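Some notes on the structure that comes next.
The values are calculated or read from the model by the stated rules, or taken from the named source; none is laboratory data. Computed from a predicted model, the values in this text were never measured in an experiment. Note that we place each Cβ from the backbone using ideal geometry, even for glycine, and neighbour counts take in every protein chain shown.
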Amino acid sequence: MGILEVRNVSQEFGGLLALDRLSFSVEEGEIYGLIGPNGAGKTTLFNLITGIYRPTLGEILFKGQVISGLKPYRIAEVGIGRTFQNVRLFKKLSAIDNVRVGMHSRSRAGFFSSVLHFPWANREEKQMTEKCRELLEMVGLSDKTMELAGSLAYGEQRCLEIARAMALSPSLVLLDEPAAGMNATEKEELLSLIRRIRDLGVTVLLVEHDMNVVMNICDRMIVLNYGSKIAEGPPDFVKNDEKVIQSYLGVDM
Amino acid sequence: MESLLQQYVDLYYLQIVILIGINIILALGLNIITGVTGQLSMGHAGFMSIGAYTSAILATQFGVPFPVCLLAAGLMAAFMGVVIGIPILRLEGDYLAMVTIGFAEIVRVVFLNLEIAGRGMGLSGIPAETNFSIVWGLVIIIVLLNTGLLKSRPGRALYSIREDEIAAEASGVNTTLYKVIAFGMGTFLAGIGGSLYAHYLTYINPGNFGFMRSVELLNMVVLGGMGSIPGTIVGTIILTIAPEVLRFVQEYRLLFYGALLVILMIFRPNGLLGDVRWHDVKRYWSRWRKTWIKKGS
């Protein structure tokens, strides 16, 4: 059984069927790609997994436990981190504070001991800061820790969002089009960053439009069209699937 | 302390300094709700009046000692804040503002008709317990605790809600809980401020806590800079002194407020100190000092 199981999930928006009885399973430690034309239901699926919507039908399991219906912050607590298609950072907080917020649910000091800055809370805060610096270094922002998140370049903002998601110490991260708006060099760096995340033992679920990125990095992938699965498998297999070529790559057979 | 101050400081100025302290406590409470957490509350005077009346009724009709009245006022306002906050904090922006205005108005009308609160006559003969040392002692304690809050994990969680609620939730912050906590803390300070205010004027009536009072408090937070403690203090000092300085144009005070806020929004949209960070101040200071030392040598 996979770390993430999507079972027969449907999502309706007032008569519009955004996802139609979708099932798939992501194995632990793999990079799983999710592609499909605009409006195929990719972001809807992300929002279902992270609890922003509750599925109309079906259920979602994470490590064997049903998570559909939990509140988003509970889903973050059980270990699913995410980034957003349109970067959502805390713009007026510094880069390191953005990452620190990501570590929110991993702190054990209580409300009053944190506010009154008791020694054990301060010690924990120091350890957290240390770990945040490491995460920022991992995404290549170690010299920008005190910059405001809103003043960073677009590519850097995307990386900071990944660092914030990693601060949860997640077992699964969902990346929603991480390469959007990046130039070729940044994309290269992003690819190696995603591989490093996988090497840390974190499973990656990736939505991406850039075919180069997807074909290069994914172990397996699923192709959606109009809310249903049209193909699933390793990149080479999916690339040669007739339906995929017709609906997604836009070539007449 | 008090007699010493009265010996050397003109009573009029002393009264203004005390009023500034009370307003700082009130504004810091609103700053937690609106400035830090980003939940637009326009009914702060309502919670202030709950504190003021709780304290005044306990003191005049039950003879309860002042420190107990003060604490009871804070707790009562915070209790109402949390009870009201749980349903209304689901609302956002303008809608939340509307509901808080409505709530403050309801509170005012209730006190206007409540026998024990003296109806429209208000309550008089409240013991004059508020003095310089109590007010400014409390200001110091509250500023220290507030600074501790904003530099801690819960403080960052509050800021993250203001910045982006969905992202905060996805980062593991229970946004509903933290919004209610912020509302509880803010209204607690409103209650404390209200109690100090009642024991400062010794006479209160529902007219002291109208909509304009809420707007005035909101102005202090916005003028100083949303979410900044030094900013809120500066904003409060300016807006408390302004009516005194502008005594000769008293009736045009609101005109002055309007003009001030318009000018501010044009030149400093984030408030006077809203986007000033201690980190940047230190950096500029060390850079400036280096160039200065070079020039000198």
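Cβ-Cβ distances below 8 Å connect the following pairs, each with a first residue in segment A:66-78 that is more than 8 Å from chain B (Cβ to nearest Cβ) and of a type in the set (Gly, Ala, Ser), a second residue that is outside any loop (DSSP other than H, G, I, E, B) and buried (at least 16 other Cβ atoms within 10 Å of the Cβ), and a separation of six or more residues or different chains: A:68/A:9; A:68/A:48; A:68/A:58; A:68/A:60. None of B:138, B:91, B:196, B:189 is closer than 30 Å to residue A:157 by Cα, more than 12 Å from chain A (Cβ to nearest Cβ) and among the aliphatic types (A, V, I, L, M) except B:91.
Selection of segment B:157-178 for residues being buried (at least 24 other Cβ atoms within 10 Å of the Cβ) and of a type outside the set (A, V, I, L, M, F, W, C) yields B:160, B:171, B:172. I'd like to know if segment A:22-31 contains one or more residues that are on the phi > 0 side of the Ramachandran plot, free of Cβ contacts under 8 Å to residues at least 24 places away in the same chain and more than 10 Å from chain B (Cβ to nearest Cβ). No: zero hits.
Just to confirm my filter: which helices (runs of 4 or more DSSP H) fall fully inside segment A:1-118 and include at least 1 residues that are within 16 Å of residue B:174 (Cα to Cα)? Step through it out loud before you land on a result.
Working: elements: A:42-49, A:72-78, A:95-102, A:111-115.
Correct list: A:72-78, A:95-102, A:111-115.
Can you name the residue in segment A:85-98 that is out of contact with any Leu (no Cβ under 8 Å at 6 or more places or on another chain) and within 7 Å of chain B (Cβ to nearest Cβ) and is also surrounded by the fewest Cβ atoms within 10 Å (Cβ to Cβ) among such residues? Residue satisfying both the conditions and the ranking: A:88. Consider residue A:64 carefully, then state whether it is crowded, with 22+ Cβ neighbours inside 10 Å and modelled with pLDDT of 90 or more. So residue A:64 fails the test.
Within segment B:13-21, does at least one residue satisfy the condition of being part of a helix (DSSP H, G or I), among the aromatic types (Phe, Trp, Tyr) and at pLDDT 95 or above? Lay out the reasoning, then the answer.
First, pick out the residues of segment B:13-21 that are part of a helix (DSSP H, G or I): B:13-21.
Keeping just the survivors that are among the aromatic types (Phe, Trp, Tyr) gives B:13.
Right, trim to at pLDDT 95 or above and you get none.
No: segment B:13-21 contains no residue that is part of a helix (DSSP H, G or I), among the aromatic types (Phe, Trp, Tyr) and at pLDDT 95 or above.
Looking only at segment A:99-119, decide whether some residue is farther than 20 Å from residue A:18 by Cβ, buried (at least 19 other Cβ atoms within 10 Å of the Cβ) and more than 10 Å from chain B (Cβ to nearest Cβ). Checking segment A:99-119: not a single residue is farther than 20 Å from residue A:18 by Cβ, buried (at least 19 other Cβ atoms within 10 Å of the Cβ) and more than 10 Å from chain B (Cβ to nearest Cβ).
Candidates A:224, A:191, A:206: the one that is aliphatic (A, V, I, L, M), in a helix (DSSP H, G or I) and outside the structural domain of residue A:134 (by TED's automatic domain parsing) is A:191.
I'd like to know if segment B:266-289 contains one or more residues that are in contact with a helix residue (DSSP H, G or I) (Cβ under 6 Å, 6 or more places away or on another chain), surrounded by 14 or more Cβ atoms within 10 Å (Cβ to Cβ) and of a type in the set (A, V, I, L, M, F, W, C). Yes; the residues of segment B:266-289 include at least one that is in contact with a helix residue (DSSP H, G or I) (Cβ under 6 Å, 6 or more places away or on another chain), surrounded by 14 or more Cβ atoms within 10 Å (Cβ to Cβ) and of a type in the set (A, V, I, L, M, F, W, C). A Cβ distance below 6 Å, combined with a sequence gap of six or more or placement on separate chains, defines the contacts here; from segment B:175-189, residues that are over 17 Å from residue B:54 (Cβ atoms) reach residues that are crowded, with 22+ Cβ neighbours inside 10 Å and among the acidic types (Asp, Glu) in the pairs B:175/B:169. Taken over segment B:141-167, residues that are in a helix (DSSP H, G or I), touching a His at 6+ places or on another chain (Cβ under 9 Å) and more than 7 Å from chain A (Cβ to nearest Cβ) amount to 0.
Quick check on my filter: what residues within segment B:127-140 are touching a residue at least 12 places away in the same chain (Cβ under 8 Å) and either touching a strand residue (DSSP E or B) at 6+ places or on another chain (Cβ under 7 Å) or not in a loop (DSSP other than H, G, I, E, B) (or both)? Walk me through how you get there before you give the answer.
The first filter runs over segment B:127-140 and keeps only residues touching a residue at least 12 places away in the same chain (Cβ under 8 Å), leaving B:127-136, B:138-139.
Selection gives B:132, B:133, B:134, B:135, B:136, B:138, B:139.
For residue B:116, indicate whether it is under 19 Å from residue B:211 (Cα atoms) and not small (Gly, Ala, Ser).
Details: under 19 Å from residue B:211 (Cα atoms): no; not small (Gly, Ala, Ser): yes.
For residue B:116, the condition - under 19 Å from residue B:211 (Cα atoms) and not small (Gly, Ala, Ser) - is not met.
A search for C-beta distances below 9 Å between a residue of segment B:97-121 that is closer than 22 Å to residue B:183 by Cα and any residue that is charged (D, E, K, R) and surrounded by 19 or more Cβ atoms within 10 Å (Cβ to Cβ), counting only pairs 6+ apart in sequence or on different chains, returns B:104/B:213. Restricting segment B:259-297 to residues that are within 14 Å of another protein chain (Cβ to nearest Cβ) and of a type in the set (Phe, Trp, Tyr), the residue that is nearest to residue B:224 (Cα to Cα) is B:278. Considering only segment B:201-276, give the helices (runs of 4 or more DSSP H) lying wholly within it that have at least 1 residues that are in contact (Cβ under 8 Å) with a residue 12 or more places away in the chain and either among the β-branched types (Val, Ile, Thr) or in contact with a strand residue (DSSP E or B) (Cβ under 9 Å, 6 or more places away or on another chain) (or both). Of the helices (runs of 4 or more DSSP H) lying wholly inside segment B:201-276, those with at least 1 residues that are in contact (Cβ under 8 Å) with a residue 12 or more places away in the chain and either among the β-branched types (Val, Ile, Thr) or in contact with a strand residue (DSSP E or B) (Cβ under 9 Å, 6 or more places away or on another chain) (or both) span B:211-224, B:229-245. Note on segment B:168-186: among residues that are part of a helix (DSSP H, G or I) and either acidic (Asp, Glu) or in contact with an Asp or Glu (Cβ under 6 Å, 6 or more places away or on another chain) (or both), the one that is nearest to the other protein chains (Cβ to nearest Cβ) is B:169. Applying the criterion of being surrounded by fewer than 18 Cβ atoms within 10 Å (Cβ to Cβ) and in contact with a Gly (Cβ under 9 Å, 6 or more places away or on another chain) to the residues of segment B:102-131, the residue that is nearest to residue B:68 (Cα to Cα) is B:124.
Remark: pairs (first residue in segment B:37-56, among the charged types (D, E, K, R); second residue surrounded by 24 or more Cβ atoms within 10 Å (Cβ to Cβ) and at pLDDT 95 or above; Cβ separation under 8 Å; 6+ apart in sequence or on different chains) are absent.
Residues A:245, A:222, A:194, A:230: which one is among the β-branched types (Val, Ile, Thr) and at pLDDT below 85? So that I can check it myself, show each step before the final result.
Details: A:222 fails: at pLDDT below 85; A:194 fails: at pLDDT below 85; A:230 fails: at pLDDT below 85.
From the options A:245, A:222, A:194, A:230, the qualifying one is A:245.
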